[in-house]
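In what follows, a structure is listed as structure tokens, so that the remarks can point back to it.
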Amino acid sequence: MNRDAATRRPWSLLDLDRAFRACWAADTCSPDDLPDWRPDNPSVGHCDITTLVVNDLFGGDLLVADVRRAGSPHGYHWWNRLPNGVDLDLTLEQFQAGEALSPPRTVTRPPGPLPRRHPEYELLRARLTRHLARCRPGGEG
């Protein structure tokens, strides 16, 4: 998947959201979040690699915030700021237990393969590519 593929097909953000929902699974969930992953809340444990796949498609900035649950640190949350300045967070709904996010900070994407979760990133990216190829742009897939 590359930016050229994304610009040739007029996918809406709703198409993209539906495609990710069809592609998230336990085998692409972060091991730290796997105990909380459920099919009825499939975005759990997918913010990091989802953010990177969205960045592959559209560019922009990567945002990260600290997560606190019941006042205690509970990991990090990632999302995108698109080149037009719009924040896009396809996995925000995973937070259903009163978690709080710190103000975000912009981070630079490291070059090369991911040092952590590279196989899951590649699997999610491949699934999304196949799913979008089967879907009709701007409509149900």
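Restricting attention to region 67-115, and to residues there that are charged (D, E, K, R) and at pLDDT below 95, which single residue is nearest to Ile49 (Cα to Cα)?
Initial filter on region 67-115 (charged (D, E, K, R)): 68-69, 81, 87, 89, 93, 99, 105, 109.
When the remaining residues are screened for being at pLDDT below 95, the result is 68-69, 93, 99, 109.
Values: Arg68: 20, Arg69: 22, Glu93: 16, Glu99: 20, Arg109: 12 Å.
It comes out as Arg109.
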Output the residues belonging to region 64-120 that are within 20 Å of Phe20 (Cβ to Cβ), among the hydroxyl-bearing types (Ser, Thr, Tyr) and not in a loop (DSSP other than H, G, I, E, B). Tyr76
Please verify whether region 10-30 includes one or more residues that are among the β-branched types (Val, Ile, Thr), buried (at least 16 other Cβ atoms within 10 Å of the Cβ) and in contact with a strand residue (DSSP E or B) (Cβ under 8 Å, 6 or more places away or on another chain). no
Give the residues of region 22-55 that are modelled with pLDDT under 95 and assigned to a helix (DSSP H, G or I), sorted by residue number. Leu34, Pro35, Asp36
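When you go through Leu14, Leu88, Leu92 one by one, which is the residue that is in contact with a helix residue (DSSP H, G or I) (Cβ under 8 Å, 6 or more places away or on another chain) and either hydrophobic (A, V, I, L, M, F, W, C) or more than 22 Å from Leu123 (Cα to Cα) (or both)?
Working: Leu14 fails: in contact with a helix residue (DSSP H, G or I) (Cβ under 8 Å, 6 or more places away or on another chain); Leu92 fails: in contact with a helix residue (DSSP H, G or I) (Cβ under 8 Å, 6 or more places away or on another chain).
Only one candidate passes the filter, namely Leu88.
Tell me whether region 67-74 contains one or more residues that are among the small types (Gly, Ala, Ser), surrounded by 15 or more Cβ atoms within 10 Å (Cβ to Cβ) and out of contact with any Pro (no Cβ under 9 Å at 6 or more places or on another chain).
Within region 67-74, the subset among the small types (Gly, Ala, Ser) is 70-72.
Cutting the leftovers down to surrounded by 15 or more Cβ atoms within 10 Å (Cβ to Cβ) gives us none.
Checking region 67-74: not a single residue is among the small types (Gly, Ala, Ser), surrounded by 15 or more Cβ atoms within 10 Å (Cβ to Cβ) and out of contact with any Pro (no Cβ under 9 Å at 6 or more places or on another chain).
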Out of Arg21, Arg81, report the one residue that is among the basic types (Lys, Arg), under 22 Å from Thr129 (Cβ atoms) and under 14 Å from the mean Cα position of the chain (by Cα). Arg21
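Answer yes or no as to whether Gly45 is at positive phi and buried (at least 16 other Cβ atoms within 10 Å of the Cβ).
Numbers: at positive phi: yes; buried (at least 16 other Cβ atoms within 10 Å of the Cβ): yes.
It is true that Gly45 is at positive phi and buried (at least 16 other Cβ atoms within 10 Å of the Cβ).
The values are calculated or read from the model by the stated rules, or taken from the named source; none is laboratory data. Worth saying up front: this structure is predicted, and the values here are computed from it rather than measured. Positions of Cβ are generated from backbone atoms using ideal geometry, with glycine treated the same way; all protein chains shown enter the neighbour counts.
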